[in-house]
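S.K.: My structure is below; once you've seen it, I'll send some questions.
The values are calculated or read from the model by the stated rules, or taken from the named source; none is laboratory data. Please read these numbers as outputs of a predicted model, since none were measured by experiment. All Cβ positions, glycine included, derive from the backbone under ideal geometry; neighbour counts span all protein chains shown. Each accessible area value is taken on the protein alone, full model and side chains, heavy atoms only, with ligands, DNA and RNA left out. Shrake-Rupley method; radii C 1.70, N 1.55, O 1.52, S 1.80 Å.
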Amino acid sequence: MSGEVTVLTPTGMLGYGYREADFESCVRAGVDAIVVDSGSTDPGPSMLGLGHTLVTEESYLRDLRPMVRAVHRHRIPLLIGSAGGAGTDEQVDQMVELLRRIAVEQGIALRVAAIYSQLPRSVVRERLAQGRIEPNARGELPSESDVDSSEAVVAQIGAEPFEAALSGPVDVVVAGRAYDPAPYAAFLVPRGIEPGIAWHIGKILECGGVCAEPKGGGALATARADSFDIKPMGPEQRCTPLSVAAHTLYENSRPDLLAGPGGVLDVGGCAYEQLDERTVRVSGSRFEPTPRRLIKVEGAAITGHRCIFIGGIHDPVLIGQLDDFLARVEAETAELHPELAAGSASVRFHVYGRDAVMGQREPNPVPGHEVGILGEVVAETPEAAKAICTSARIGVLHLNYPGQLATAGNLALPLTPLDNPIGPVCAFSLYHLMEADGLEHAVVREEVGA
Amino acid sequence: MTALRELAKVIRSKNAGPHEITFDVMFTDEATFARVRDSGVLTPERLARLYRADVSHVRVCTFFAPALAFKLTLVRFGDQGGAGERDTFGAQQHAPLLDVEVP
């Protein structure tokens with residue numbers, strides 16, 4: 001096996017669960033590291049804005065226990081990226097605390113290196129003023145108040161802080177917000193794997209078995225200098241050239257050039273070859289380092305408080321004139337609540353069964369025989385949101401309309417309470433590339449457990 | 001004419017960061033890939049029209065031979081996960097592509 005390095009990712013997201021028996025048999029067959037991603041911006045900005053974790057503590061503990069056992073038994077490192085969901089410093093500390101609990105439970109000692117990647121707002125404000133932040137994908141630069149209103153700001157780190165963490169004796173690396181493939185590159189490149197191969201493995205494996213058919217669970221990659229083999233962790237799944245190539249494209253704007261901290265992965269010349277029933281060999285991945293070091297900065301701000309109601313409409317007379325009706329409800333609600341006209345609060349209706357998923361992009365706006373209405377009110381305070389939501393809900397429930405036969409009520413309401421405050425609403429205030437020179441990410445080492 | 005859903009193995013949508021939604025269409029053989037590519041049906045103008053988007057919001061619209069794939073990337077409406085969000089993960093925006101007719 002000389003010159004080959006195997007990394008295992010038991011699940012695409014820490015806390016989503018995986019089959020322990022499949023994991024154990026892969027570990028027994030020999031892996032050199034376990035890498036697992038714990039965060040994403042896909043669930044929206046509220047994890048970063050509110051400090052919420054992606055799954056519960058119990059789910060993290062369930063997923064971590066077998067990994068910690070494997071780390072201890074086989075003396076292989078575990079690398080965790082984007083701890084907790086958003087990768088704030090607090091979420092890194094929470095993850096270290098969970099590892100401490102498991103180490104105590106199992107009566108073992110774990111050497112943990114924690115990487116902190118939260119940024120002070122002052123650093124971002126200063127670099128914004130110096131013109132060292134690039135416009136986002138919509139072509140917008142942040143304003144100073146976007147920076148100041150951010151509840152937390154994290155930087156998506158590249159491979160370097162992971163390499164620093166791995167340079168000393170360590171069992172588990174817990175990183176704050178990180179570019180998903182970065183821990184893979186940090187482990188593989190110093191072991192003689194071409195950077196293009198290492199980053200490509202990271203790009204595919206960070207989602208675990210999503211690259212397999214059927215998708216799901218974990219996957220492992222065996223790398224050598226200039227190619228890698230990828231196969232799913234579950235014996236009933238298989239990788240095919242299409243499933244692996246398809247995953248290379250996944251979640252990227254472009255199919256060929258995948259930009260990240262430190263460089264661009266070029267998969268334009270890749271070959272995908274079926275090696276055996278379940279394994280695909282990939283070669284031809286290239287990594288082009290970028291001369292200027294840029295880092296993705298993420299910030300989230302609270303933009304209001306939300307209250308919702310949900311209900312169904314089955315009356316065809318009303319469904320036939322729903323847009324006019326909802327506009328009248330909104331106008332009547334605005335008469336009662338001047339915040340709506342002033343623009344500090346908003347009412348929106350999502351009509352399920354008719355354009356709710358695609359909105360104005362829907363090419364086929366045909367109503368069904370019943371539609372669901374989600375009323376969404378956002379205002380400056382939870383109290384204002386609830387008051388406006390109640391008015392809007394009463395409007396939908398009782399406002400009259402031309403041709404009305406059903407005079408007892410317009411809405412089938414499944415929930416009581418009828419109006420439900422669901423907490424603060426967040427928005428990404430920052431999602432921009434920033435010049436990274438001079439930024440340091442602290443690596444803190446400690447021993448937890450027995 | 002054949003619907004794209006009859007020709008492709010994968011048709012999906014997903015966020016590419018919080019400001020873009022990307023669409024992947026994957027084929028299993030080169031002949032089908034070439035048929036769709038050469039049909040000229042999947043153009044920025046037509047797809048912008050299908051998605052009722054401005055053509056300037058089409059960021060990527062390209063065929064990619066190494067993966068027998070077509071990729072479309074659109075600028076996302078509104079703030080991801082913010083007030084008025086319809087699809088936080090961007091995972092259910094692909095359906096209009098299923099019925100695109102290919103000669």
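S.K.: Given the convex hull over the Cα atoms of segment A:315-411, what projected area results after averaging over all orientations, in nm²?
M.R.: Convex hull of Cα atoms, orientation-averaged projection: 6.5 nm².
S.K.: If you count only protein heavy atoms with a 1.4 Å probe, what accessible area per residue comes out for the protein assembly as shown, rounded to a whole Å²?
M.R.: 40
S.K.: In chain A, which cysteines lack any other cysteine Cβ under 4.7 Å from their own?
M.R.: If one checks each Cβ against the other cysteines of chain A, A:CYS26, A:CYS207, A:CYS211, A:CYS239, A:CYS270, A:CYS426 turn up with nothing under 4.7 Å.
S.K.: Within 9 Å, Cβ to Cβ, of A:GLY268, how many net charges do the neighbouring residues add up to if Lys/Arg are +1 and Asp/Glu are -1?
M.R.: -1
S.K.: Taking each residue in A:241-248, count the Cβ atoms of any other chain within 10 Å of its Cβ, then average. What number comes out?
M.R.: The shielding value for this peptide is 5.
S.K.: Also, I was wondering about something else. Work from the charge dipole of segment A:169-307 (Cβ charges, +1 for Lys and Arg, -1 for Asp and Glu, about the Cα centre) and give the residue of A:GLY260, A:HIS305, A:LEU242 farthest towards its positive end.
M.R.: Looking along the dipole axis, the top candidate is A:HIS305.
S.K.: Return an integer: the convex hull volume of the alpha-carbon atoms of segment B:2-76, in Å³ per residue.
M.R.: Convex hull volume per residue, Cα atoms: 84 Å³.
S.K.: Hey, what angle do you get for helix B:30-39 against the long axis of chain B, alpha-carbon based, 0 to 90 degrees rounded to 10?
M.R.: On a 0 to 90 degree scale, this one is about 70.
S.K.: Further question on the same structure: ³J(HN,Hα) across segment B:69-81 via Karplus (A = 6.51, B = -1.76, C = 1.60, θ = phi - 60°), whole Hz, x for Gly/Pro?
M.R.: 10, 10, 10, 10, 10, 10, 5, 7, 7, x, 9, 4, x
S.K.: Another question about this same structure. For the full complex of protein chains and a 1.4 angstrom probe, list B:THR2, A:THR6, A:THR416 by accessible area with the highest value first.
M.R.: Descending accessible area places them as A:THR416, B:THR2, A:THR6.
S.K.: Within 10 Å of each Cβ of A:44-50, how many other protein chain Cβ atoms are there on average?
M.R.: Mean shielding count: 3.
S.K.: Run through segment A:239-305 and list the GluC sites (Glu not before Pro) located in a DSSP loop whose Cβ has at most 15 other Cβ atoms within 10 Å.
M.R.: Here the GluC sites (Glu not before Pro) that fit, given the DSSP loop and packing criteria, are A:GLU277.
S.K.: Report the local net charge at A:ARG62: Lys and Arg +1, Asp and Glu -1, summed over other residues whose C-beta lies under 14 Å from its C-beta.
M.R.: With Lys, Arg at +1 and Asp, Glu at -1, the net is -1.
S.K.: Would you mind checking A:LYS231/B:LYS71; A:LYS386/B:LYS14; A:LYS215/B:LYS14; A:LYS215/A:LYS296 for any pair whose Cα atoms are more than 23 angstrom apart?
M.R.: Where the Cα-Cα span goes over 23 Å, the pairs concerned are A:LYS231/B:LYS71; A:LYS386/B:LYS14; A:LYS215/A:LYS296.
S.K.: Oh, and also: I need the trypsin sites (Lys or Arg not before Pro) found in segment A:214-310, filtered to DSSP loop residues with at most 14 other beta carbons within 10 Å of theirs.
M.R.: Qualifying residues, ordered by number: A:ARG292.
S.K.: Another question, then. Over chain A, with a Gaussian network built from C-alpha contacts below 10 Å, which listed residue (A:ALA137, A:ALA246, A:ALA83) shows the highest mean-square fluctuation?
M.R.: A:ALA137
S.K.: Here's a follow-up. For segment B:2-76, with only Lys/Arg (+1) and Asp/Glu (-1) charged at the beta-carbon, what is the dipole magnitude about the Cα centre, in debye rounded to 20?
M.R.: Result for segment B:2-76 is approximately 240 debye, rounded to the nearest 20.
S.K.: Right, something else. What 222 nm value per residue comes from the helices of chain A, counting each DSSP H run with n ≥ 4 as -39,500 (n - 2.57) and dividing by all residues, nearest 500 deg cm²/dmol?
M.R.: -9000 deg cm²/dmol
S.K.: If you roll a 1.4 angstrom probe over the protein chains with everything in place, what fraction of the accessible area of the protein assembly as shown belongs to carbon and sulfur, to the nearest %?
M.R.: Heavy-atom surface of the protein assembly as shown belonging to carbon and sulfur, 1.4 Å probe: 51 percent.
S.K.: Once you list every other residue whose beta carbon is under 14 Å from the beta carbon of B:LYS71, what net charge do they have if Lys and Arg are +1 and Asp and Glu are -1?
M.R.: Neighbour charge sum, excluding B:LYS71 itself: +1.
S.K.: A follow-up question, please. Quick one: compute the contact order of segment B:2-76, relative version, from alpha carbon pairs under 8 angstrom and 6+ residues apart, as a percent.
M.R.: Answer for segment B:2-76 is 32 percent.
S.K.: Further, regarding this structure: log10 I(q)/I(0), Debye, Cα-only segment B:32-103, no solvent, q = 0.13, 0.21, 0.25, 0.27 Å⁻¹?
M.R.: The Cα Debye sum returns log10 ratios of -0.43, -1.01, -1.27, -1.38.
S.K.: While we're on this one: Please compute, for peptide A:358-367, the average count of beta-carbon atoms on other protein chains lying within 10 Å of each residue's beta-carbon.
M.R.: 5
S.K.: In percent, how large is the relative contact order of chain A, given Cα pairs closer than 8 Å and 6 or more residues apart?
M.R.: Dividing the mean separation by the residue count of chain A yields 19 percent.
S.K.: Of the peptides A:160-170, A:379-389, A:20-30, how do they stack up when ordered by the mean number of other Cβ atoms within 10 Å, highest first?
M.R.: Highest-to-lowest ranking by the protection proxy: A:379-389, A:160-170, A:20-30.
S.K.: Could you give the size of the charge dipole of the protein assembly as shown about its Cα centre, using +1 on the Cβ of each K and R and -1 on the Cβ of each D and E, expressed in debye and rounded to the nearest 20?
M.R.: 840
S.K.: Run a plain Debye calculation on the protein assembly as shown (Cα atoms as equal point scatterers, no solvent) and give log10 I(q)/I(0) at q = 0.07 Å⁻¹, rounded to two decimals, same order as the q list.
M.R.: -0.45
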